[in-house]
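Some notes on the structure that comes next.
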Amino acid sequence: MLPPADLSLASQPFGVGTETFRSPALDILLRHLQTQRKHHVLDLGPACGSNLEFFARFRCKLYVADLLDAAFRGTAVGSEPPRAGSLEYDRLPAGRGDAKFDVILAWDLFNYLRSDALQALCGRLHQFRRQGGVLFALVSTRTRIPAEPMRFRIVDDRHLSYEVSSPATRPSPRYVPSEMERLLPGFRVTRSFLLRNGMQEYVFTLA
């Protein structure tokens, strides 16, 4: 069993450095990938060697879009979250008929988007969904988050790690499950895990 979430963390920012944590949602992604057919994975975060090695174990084709860097490059610490029109959607695949993904990794991107930008991104992701595919996201339950998105790495089959490079912070939107389903129409929350490190994992499926 997972240890209970530490509610005293709500008002504490994430500390600088790297932390490894148990990820129950990763188990679900693994089961999804452990089938005979070839899978297509869309990673909305930056390219990471350990993540590439992880997916190389499976029959996967991985596409890295790095919307996190695109959204925050050159922005001042403490600036407003990106608006709907500021995301560089040209980093996403061209949207051809064969550009359908079984797994979409959003990491902590949702924490850094205004609600209108989150809805706009969801609209773009609709064209990439494959029936039965899953979307993975981490949403902070703390009142403050790092000023820039964290870098996540897959450590092993059960653990993820995140890296915080600066003590600077910004307010967290603290989206709750009901908001998630409202802001991501067409995606249904199938599993949600409240972690003791101040994050909540979501696994969405095509509704």
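If I filter segment 31-54 down to residues being of a type in the set (G, A, S) and either modelled with pLDDT under 85 or in a helix (DSSP H, G or I) (or both), which single residue comes out as surrounded by the fewest Cβ atoms within 10 Å (Cβ to Cβ)? Reasoning before the result, please.
Restricting attention to segment 31-54, the residues satisfying the condition of being of a type in the set (G, A, S) are 45, 47, 49-50.
Then drop every residue that is not either modelled with pLDDT under 85 or in a helix (DSSP H, G or I) (or both), which leaves 49-50.
Numbers: G49: 8, S50: 12.
Here the residue is G49.
Could you say which residue among D102, D90 is modelled with pLDDT of 85 or more and farther than 15 Å from L184 by Cα?
None of the other options fit; the residue is D102.
Name, by its number, the condition in (1) out of contact with any helix residue (DSSP H, G or I) (no Cβ under 9 Å at 6 or more places or on another chain); (2) within 19 Å of P24 (Cα to Cα); (3) not in a strand (DSSP E or B) that does not hold for D156.
Failed condition: (1).
Quick check on segment 133-190: of everything there that is acidic (D, E) and within 20 Å of L44 (Cβ to Cβ), which residue is surrounded by the most Cβ atoms within 10 Å (Cβ to Cβ)? Can you show your working first?
Initially, segment 133-190 is screened for residues acidic (D, E), giving 148, 156-157, 163, 179, 181.
Next, from what is left, pick out any that are within 20 Å of L44 (Cβ to Cβ): 148, 163, 179, 181.
On the way: E148: 20, E163: 13, E179: 15, E181: 16.
Here the answer is E148.
Would you check which residues across segment 178-193 are within 17 Å of G133 (Cβ to Cβ) and assigned to a strand (DSSP E or B) and list them?
F187, R188, V189, T190, R191
Enumerate the pairs (first residue in segment 170-189 and touching a residue at least 12 places away in the same chain (Cβ under 8 Å) and over 19 Å from Q12 (Cβ atoms); second residue anywhere and charged (D, E, K, R) and in a helix (DSSP H, G or I)) with beta-carbon separation below 9 Å, excluding pairs fewer than 6 apart on the same chain, so at least 6 apart or on different chains.
From residues that are touching a residue at least 12 places away in the same chain (Cβ under 8 Å) and over 19 Å from Q12 (Cβ atoms), the pairs are F187/E181; R188/E181; V189/E181.
Evaluate segment 137-148: report whether one residue or more is among the charged types (D, E, K, R), at pLDDT below 95, within 21 Å of C48 (Cβ to Cβ) and not in a strand (DSSP E or B).
Checking segment 137-148: at least one residue is among the charged types (D, E, K, R), at pLDDT below 95, within 21 Å of C48 (Cβ to Cβ) and not in a strand (DSSP E or B).
Return yes or no: is T190 of a type in the set (S, T, N, Q), over 24 Å from G17 (Cβ atoms) and modelled with pLDDT of 90 or more? Give the steps one after another, and end with the answer.
Numbers: of a type in the set (S, T, N, Q): yes; over 24 Å from G17 (Cβ atoms): yes; modelled with pLDDT of 90 or more: yes.
Against the criterion (of a type in the set (S, T, N, Q), over 24 Å from G17 (Cβ atoms) and modelled with pLDDT of 90 or more), T190 qualifies.
Please find, within segment 120-139, the residue that is farthest from L29 (Cα to Cα) out of those that are among the small types (G, A, S) and in contact (Cβ under 8 Å) with a residue 24 or more places away in the chain. Reasoning before the result, please.
Of the residues in segment 120-139, the ones among the small types (G, A, S) are 120, 123, 132-133, 137.
Next cut, in contact (Cβ under 8 Å) with a residue 24 or more places away in the chain only: 120, 132-133, 137.
Numbers: A120: 25, G132: 12, G133: 10, A137: 12 Å.
Across segment 120-139, the extreme among qualifying residues is A120.
The values are calculated or read from the model by the stated rules, or taken from the named source; none is laboratory data. As the structure is a computational prediction, the values presented were derived from the model and not from experiment. As a convention, Cβ positions derive from the backbone with ideal geometry for all residues, glycine included, and neighbour counts pool all protein chains shown.
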